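Chemist: Please read through the structure below; I'll follow up with questions.
The values are calculated or read from the model by the stated rules, or taken from the named source; none is laboratory data. This structure is a prediction, so every number in the text was calculated from the model and none was measured. Counting neighbours? That spans all protein chains shown, and the Cβs are built from the backbone with ideal geometry, glycine included. Only protein heavy atoms, including side chains, enter the accessible area calculation; ligands, DNA and RNA are left aside. Shrake-Rupley method; radii C 1.70, N 1.55, O 1.52, S 1.80 Å.
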Amino acid sequence: ISMKKNIISKTNVTLLFCLFFISISHAQLGIDKIKGTGNSYINTKEEIKIIEQKMKDKATQNYYTNPKTPESFGVKNGLCWQFDYGNIYYNYKTKNIVAIPELFLKKWGEIGWENCWLGFPISDPIYLNKLDKAILNFENGSILNSHSTGYHFLGGAFRDFWNNDGGINSKKLGFP
């Protein structure tokens, strides 16, 4: 019984040491304010401040007011900052900052935002025909909107066919 208590005691001390070490490591990481997922991250306060200022500027340009979150937060392949009227995304790979309006966000959210088959946004919405139609491009597809037909996903071979037939001026398919 004494030997059993000794083994349990040593195991408890070892576990406490590991937990202590992990908590110190995480506290030190917090000092640098590391954000990100996977192998992509930003590791200095200065980099984050610069990116967040550019994200704020993009929000202002698009009339997105009042941040819903106090700062940006890590998402798959980048950062997101939520505002009234839309979100601002920063892509680690391309270093692009993209504004996505609320209604596009809602449609994109139906399939899982940046975790879905569309991937990460690569452009701001492109407005056509005096704001009657719009396209938002992603890594693997697009969301298209028309006031008369609503929001639609477009990707894969169908998108390739549509683009090869003239895209927004497609003669065979027209605008979704």
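Chemist: If a residue counts only when it is open to solvent by less than 70 Å² (accessible area, probe 1.4 Å) and modelled with pLDDT under 90, which helices (runs of 4 or more DSSP H) contained entirely in the range 1-119 have at least 1 such residues? Walk me through it before giving the result.
Modeler: Numbers: elements: 2-32, 45-61, 102-109.
The helices (runs of 4 or more DSSP H) meeting that bar are 2-32, 45-61.
Chemist: From the residues in the range 147-176 that are open to solvent by less than 20 Å² (accessible area, probe 1.4 Å) and among the hydrophobic types (A, V, I, L, M, F, W, C), which one is farthest from Ile100 (Cα to Cα)?
Modeler: Filtering first and then ranking leaves Trp162.
Chemist: Filtering the range 120-146 down to residues that are among the hydrophobic types (A, V, I, L, M, F, W, C) and in a loop (DSSP other than H, G, I, E, B), which residue is surrounded by the most Cβ atoms within 10 Å (Cβ to Cβ)? Break it down stepwise before answering.
Modeler: Step one: list which residues in the range 120-146 are among the hydrophobic types (A, V, I, L, M, F, W, C), which gives 120, 122, 126, 128, 131, 134-136, 138, 143-144.
Keeping just the survivors that are in a loop (DSSP other than H, G, I, E, B) gives 120, 122, 131.
Details: Phe120: 23, Ile122: 17, Leu131: 10.
Within the range 120-146, the match that is surrounded by the most Cβ atoms within 10 Å (Cβ to Cβ) is Phe120.
Chemist: In a strand (DSSP E or B) and without any contact (Cβ under 8 Å) to a residue 24 or more places away in the chain: does that describe Asn163?
Modeler: Numbers: in a strand (DSSP E or B): no; without any contact (Cβ under 8 Å) to a residue 24 or more places away in the chain: yes.
Criteria not met by Asn163.
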